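The values are calculated or read from the model by the stated rules, or taken from the named source; none is laboratory data. Keep in mind the model is a prediction, meaning the values are calculated, not measured. We place every Cβ from the backbone using ideal geometry, glycine too, and count neighbours over all the protein chains shown.
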Amino acid sequence: MRYLVTGGAGFIGSAVIRTLIDKTPHQVLVVDKLTYAGNLESLESVANNPRYGFLHADIGDYAAMRRAMNDFSPDVVMNLAAESHVDRSINGPDDFIQTNLVGTFRLLQAALAHWRSLPGDRAQNFRFHHISTDEVFGSLGADGLFQESTAYQPNSPYSASKAGSDHLVRAWGHTYGLPTLVTNCSNNYGPYHFPEKLIPLTILNALEGKPLAVYGKGDNVRDWLFVDDHAEALLLVVERGRIGESYNIGGRNERTNLEVVRSICETLDELAPSADGPYERLISFVADRPGHDLRYAIDASKLENELGWRARHNFETGLRATVEWYLANERWWSRIRSGVYRGERLGIAS
């Protein structure tokens, strides 16, 4: 089959591409705008494979998307192109509206035209898979889990833009008959993660002896999902998911932010001890993010029961693998730290 994957040079997208090339016989076209978070070095291990192709384009460019679909003729479109950092959405929501909402709309229009042009069998087997986040559901209290039936209640510009894109995908399936699938995932972590998010930022700041900022009291809770487990789940949903359905993907690994930071410190103490003492000495509590959701937690029972998926990594094994990767791949992250993003705090604008 032929997979067109938008955002394939990003964190989750590149994991999907590596999985597709390494573990399937499918052909792949990566479509990526190459914003600050897009990095072709994340695809170096598969870039020379004859089944891999790359197109530098914006999903918001309808003409470019139509050309891509005409030229490549995909059987599957996986939309992972998104602005995804809550803190950046607080500082500047414009890009989030343009990419996540307008871009998804234009990609849907291009996919709809392509799907309508396909012959019978190919049209029947075509899939448009939209990858989203659990943040569209809002914030949980101390109990409960997000289910596919949970009402949307986004609280940040980022999550609102993703909620809107989810609704567009649903509408194009319901109104026009486009064969759509939606997945909503919990917080991802793992190799090749752009170091603005909590886990990679904490790892690198610790290695550089910088303060490890923890928002508020550090008691905000997230469910953590290793990125390779997520990639495998996404491909399983494309292959076996029911058209028109949504599936929640979570790791069943709830941790407070403070627990995450302390676990990183303990792992680094073992793998790369500092002459100045335990890394936990660097933890610094700072003013909380505006509108910071208290807790996210995913109920992945539907995916587990219907499609037989299980996360292969628990938080301890996944975190250790992640820390080991960053220790072994300074070349990848040092270029980012030297120019694109130096670890400054974002998301404090009123």
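Is it fair to say residue 202 is surrounded by 15 or more Cβ atoms within 10 Å (Cβ to Cβ), within 20 Å of the chain's Cα centre (by Cα), more than 28 Å from residue 16 (Cβ to Cβ) and modelled with pLDDT of 95 or more? It is false that residue 202 is surrounded by 15 or more Cβ atoms within 10 Å (Cβ to Cβ), within 20 Å of the chain's Cα centre (by Cα), more than 28 Å from residue 16 (Cβ to Cβ) and modelled with pLDDT of 95 or more.
Here's the yes/no breakdown for (1) over 22 Å from residue 324 (Cβ atoms); (2) surrounded by 17 or more Cβ atoms within 10 Å (Cβ to Cβ):
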residue: 217; (1), (2): yes, no
residue: 227; (1), (2): no, yes
residue: 231; (1), (2): no, yes
residue: 262; (1), (2): no, yes
residue: 266; (1), (2): no, no
residue: 270; (1), (2): no, no
residue: 286; (1), (2): yes, no
residue: 293; (1), (2): yes, yes
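Could you list, in sequence order, all residues of region 137-166 that are over 18 Å from residue 85 (Cβ atoms), modelled with pLDDT of 95 or more and among the aliphatic types (A, V, I, L, M)? Result: 140, 145, 151. Kindly indicate whether any position in region 56-73 is under 26 Å from residue 293 (Cα atoms) and touching a Gly at 6+ places or on another chain (Cβ under 8 Å). Taking every residue of region 56-73 in turn, none turns out to be under 26 Å from residue 293 (Cα atoms) and touching a Gly at 6+ places or on another chain (Cβ under 8 Å). Determine whether region 122-130 contains at least one residue that is under 22 Å from residue 296 (Cβ atoms) and modelled with pLDDT of 95 or more. Checking region 122-130: at least one residue is under 22 Å from residue 296 (Cβ atoms) and modelled with pLDDT of 95 or more.
Of the residues that make up region 85-103, is at least one more than 30 Å from residue 292 (Cβ to Cβ), out of contact with any Phe, Trp or Tyr (no Cβ under 9 Å at 6 or more places or on another chain), small (Gly, Ala, Ser) and assigned to a loop (DSSP other than H, G, I, E, B)? Checking region 85-103: not a single residue is more than 30 Å from residue 292 (Cβ to Cβ), out of contact with any Phe, Trp or Tyr (no Cβ under 9 Å at 6 or more places or on another chain), small (Gly, Ala, Ser) and assigned to a loop (DSSP other than H, G, I, E, B).
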